[in-house]
Amino acid sequence: MKKPLNKLIYRSYLSSSLIPVLTVEVLLLVLYFGISTFITSKTMNLLLEEAKENLGEISSREAQKIDQELHEISTLARYMQNEQQYFFTNPDVYILPNGEPEFAVAANGVFYKKNNNGGSSLYYSSRTRITAKEHEKARRTETFDPLLKNIVTHNPKVVAAYFNSYDNMNRLYPFIPEVANQYGEHIRMEDFNFYYEADASRNPTRQPVWTDAYLDPAGNGWMVSCIVPIYNGNFLEGVSGIDVTIANIIDKILKLDLPWQGNAFLVSNDGMIIALPEKVENYLNLKELKSHVYHTHLTTTVPKPEEFNLLKNNDSAIVAQIRQLFTGKSSLINFQIQEQEFLLQQEIIPSTQWRLLFLVDKDAIFIPIYQLKTLSIHIGILVIILMILFYLAFFLYLVRKSATFAEKIAEPIVKLTEMTSAVSDNINGTLAIKSLNSQVIEVDQLEHNFRLMVTRLQDLFKSLREAHDTLEHKVQERTEALSKALEHLKTAQEELVQSEKMAALGQLVAGIAHEINTPLGVIRASIDNIKRGLNTSIYQLPSMLKMLPENQQNSLFTLIEQAMQVKKLSTREERQLRKTLIAQLQTWEVADAEQLGSTLINMGFHVAIEPYKELFLNTNIANLLKVAHSLVRQQNNSNNIELAVEKASKIIFALKTYAYFDHKGTVVETDIVNNLEIVLTLYYNQLKQGIELIKNYDNVPHIFCNPDELNQVWVNLLHNAIHAMATKGRLELEVKQEGNYVVVYITDSGHGIPPEIKTRIFEPFFTTKPLGEGNGLGLDIVRKIVEKHYGRIEFTSQPGRTTFMVFLPITKGDEV
Amino acid sequence: MTKKSVILCVDDEVSILVSLREQLSDYFGDQYQYELAESPEEAWEVLNELQLEDKELAIVISDWLMPGTKGDEFLIAVNQKFPQALKLMLTGQASEEAVKRAQIEANLHTCLRKPWRIKELINAVESAIPN
């Protein structure tokens, strides 16, 4: 489907930049929320496990604390028990700590203590007939008051301490002013739990006992009591007790600083709630009973209503969970009230068998997580909002950008389209091409190409017309140009000839450097040796000669003379001779024969040593030879220098001759053999590496020629020959006179010239050498030079034997 | 026969060899046995003899441009058979490639240029000999 350019660009912008980025961003968001949720749930589990563990520790600690506090009260109860039992067994031992009490009988027949003397109140139920015995008992039990008072005043948890007798007497601190009205007329102690729970049948061990919660007849509201039986022998005189109100338990005992805003409450073994803090009240939908407004006198135990028994709760789910906790092995359960999740931990308080329950709202545990979760959600939402804003801005930007971009591309193309239409109508060269001003390289290139094409087309038409008009003129011009080119070619050819010559020269120079440096090395070393040798000989010779017998002196000088007679031996021969000398010296048992033999050879002594036997048996022979050597080496080194100088001069002479350029091309009388030998000198170092040189020169007449140019011929032919043999083989040089010609034969044992190129080797620029080693002009130059001398060059070739023959006519000077 | 270490000089120019021997023996005296060879082929003959006599090759000093085998090739071959021997080149002219090649493949210690100074020669030999 074809679409406008800007729409295409707009689409491609959207799909290539917006969509992938959006996809990636959405994926990142999903990933973010996913990871956040995953981490939250992981952390919640972790926190929960940690909370459970901590809760166990905390609850056990708190239960111990509470147990201790209750135990303290039990201990106080034991004190009471001890004191009071002592009183009953020794009734005559009594005190009246607050003076004589005043008793009266109330209107309802209750016998009671009228005056508050700082001690406890006293009540005798109207059920009991008051005789002198009862009166005396009421009086004497004043003895109990200091302890009762102490227990109450020194223990903030305790609200009251009392003694109830079997005959319905009640002594209670703190003092109750209207005690007759408070209790009513005929209370019977056996009817109340704070009495009967400690009687002989229920408490045979006579230990302190904790009651369940009950409503206090003394008007202190709801409470529990720690009670102890008071025996006189086996007779139960009464039951004493210490009252702790539920309010006090809640405020003073259960007020624990628990983590996670947890709460503790107490439940009796049968499920009855003993003390319930306010917070837990709300969860269980109960209102704890603390204070009470008394409308009637209590004549029997008033326990807490059934609804306070968790095992009898209306909500069967709660009952089931509590039962599971009470009977199950685990001290911790997940507890659910309606929809809310809690942890419920129980600890049994040993001294009362009450269950201390800890209730922790799971939400409280998870509060930090919930805060984090909320934060992460907020961040997520913020990112989404920012992304939406960004994409709105980005989208607007893209729309604008793509429009500009499309225009930028489309506009020059449209212009170009218009112009192409114009070109076909107007090819004659008047069409002006407007600039497209595009910033796109390709479009710019298109414009450039178009411009070029139009210009070419215009030029083409123009030149076609012109060519048509001026063909004749053109031909003339071309001819002129051709002749000029020909001239250039000639110059170039001359330059090439010169460069070939220089190339050959360059190769020569490298080899010649070696040839010159070698004699120079010898010269320097020899001079050095002479200097050092001179010292030894001059200073040591005279003294040594003095000590030597005359015949040995002569012998020594003869030896020196013989050594000085230059007779070059090869190193191989020298080695052989050294061995012989050493062997001979060893048979004479001369000390250090090896060293002496070497010295003899080093000084150039190359003849038999038998005549010198006596000399060699001289003990000082080593030093004598050393001095002799120093003398001989003066000459040996001088000879070496002479030879080296000769060698170097020869090479330099050859170079000088070779480098002599006669630009005028003057013809001089020349000895061809000499001419050839000079070039040969220059090639000596290449030849000696493995080429056997055979010379066969006849006596030929001098000819008139240009020796410089002929040097070129020999250089090229020798160079080719050496190259063909790869520096190993046999090179034969022959100079002969044949008729009116001096003929030079140069024969090599190289690989020969293959038949297929035999006809081409004299062509200029034809070469078999690798690129850069030669320009293929060598043989062309050779032929030209030979032809310039009215001679000719020929060759025969087969593998292993190739001969070039240069024929030079024997002429007189004026003939050339 | 005492077993001295050997210094072997190889050059196609006998006067070079003789001069070398004189310089070395002046300086090192009878510490070494000095052997001369005019070509690598002859040098191998000497080396074979030395092996038969169980003598240690301490130093080889070779020219580069010689008939037949070139100095670098010769030293590479020597290095293969006598890796512990010190290799020196003494030459009037050698291509840079040949010297480099000898340095890499023949463990060439120094390349001395002709004409050389005795100090250079002695320094080169001493710098590679522990004592």
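The values are calculated or read from the model by the stated rules, or taken from the named source; none is laboratory data. Since this is a predicted model, take the numbers as computed values, not measurements. Don't worry about glycine lacking a Cβ; one is built from the backbone with ideal geometry, like all the others, and counts go over all protein chains shown.
Before moving on, here are some points about what is shown:
- Which listed residue, of A:Q584, A:Q576, is assigned to a helix (DSSP H, G or I), modelled with pLDDT of 85 or more and away from every other protein chain (no Cβ under 14 Å): A:Q584
- When restricted to residues that are more than 11 Å from every other protein chain (Cβ to nearest Cβ) and touching a helix residue (DSSP H, G or I) at 6+ places or on another chain (Cβ under 7 Å), the range B:50-68 contains 5.
- Within the range A:222-254, restricting attention to residues that are farther than 18 Å from A:M80 by Cα, crowded, with 18+ Cβ neighbours inside 10 Å and not hydrophobic (A, V, I, L, M, F, W, C), the residue that is modelled with the highest pLDDT is A:T245.
- Scope the range A:91-116; condition more than 27 Å from A:G233 (Cα to Cα), in contact with a Phe, Trp or Tyr (Cβ under 8 Å, 6 or more places away or on another chain) and touching a residue at least 24 places away in the same chain (Cβ under 8 Å); matching residues: A:F103, A:V105, A:A106, A:V110, A:F111, A:Y112, A:K113, A:N116
- Single residue of the range A:484-523 satisfying the filter (at pLDDT 80 or above and of a type outside the set (A, V, I, L, M)) that is farthest from A:V645 (Cα to Cα): A:K484
- Residues located in the range A:556-573, provided they are without any contact (Cβ under 8 Å) to a residue 60 or more places away in the chain, within 14 Å of another protein chain (Cβ to nearest Cβ) and either crowded, with 16+ Cβ neighbours inside 10 Å or touching a Lys or Arg at 6+ places or on another chain (Cβ under 8 Å) (or both): A:T571
- If the condition is being under 22 Å from A:E646 (Cβ atoms) and more than 7 Å from chain A (Cβ to nearest Cβ), then the range B:21-49 contributes no residue at all.
- Any chance B:G71 is modelled with pLDDT under 95, farther than 26 Å from A:F605 by Cβ and facing another protein chain (nearest Cβ under 7 Å): no
- The residue pairs whose first member lies in the range B:84-112 and is within 14 Å of chain A (Cβ to nearest Cβ), whose second member is outside any strand (DSSP E or B) and among the basic types (K, R), and whose beta carbons are closer than 7 Å, counting only pairs six or more residues apart or on different chains, are B:L90/B:K114; B:T91/B:K114; B:G92/B:K114; B:A98/B:K70.
- Any hit, the range A:22-36, residues being over 30 Å from A:L398 (Cβ atoms), out of contact with any helix residue (DSSP H, G or I) (no Cβ under 6 Å at 6 or more places or on another chain) and in contact (Cβ under 8 Å) with a residue 40 or more places away in the chain: no
- Hits in the range A:513-555 (condition: more than 14 Å from chain B (Cβ to nearest Cβ) and either in contact with a Ser or Thr (Cβ under 6 Å, 6 or more places away or on another chain) or not aliphatic (A, V, I, L, M) (or both)): A:Y539, A:Q540, A:P542, A:S543, A:K546, A:P549, A:E550, A:N551, A:Q552, A:Q553, A:N554, A:S555
- Those strands (runs of 3 or more DSSP E) lying entirely in the range B:12-131 with at least 1 residues touching a Gly at 6+ places or on another chain (Cβ under 7 Å) and of a type in the set (A, V, I, L, M, F, W, C): B:86-91
- Applying the criterion of at least 3 residues that are surrounded by fewer than 18 Cβ atoms within 10 Å (Cβ to Cβ) to the strands (runs of 3 or more DSSP E) found wholly in the range A:307-388 leaves A:332-337, A:340-348.
- Count of the range A:122-179 residues which are small (G, A, S), part of a helix (DSSP H, G or I) and in contact (Cβ under 8 Å) with a residue 24 or more places away in the chain: 1
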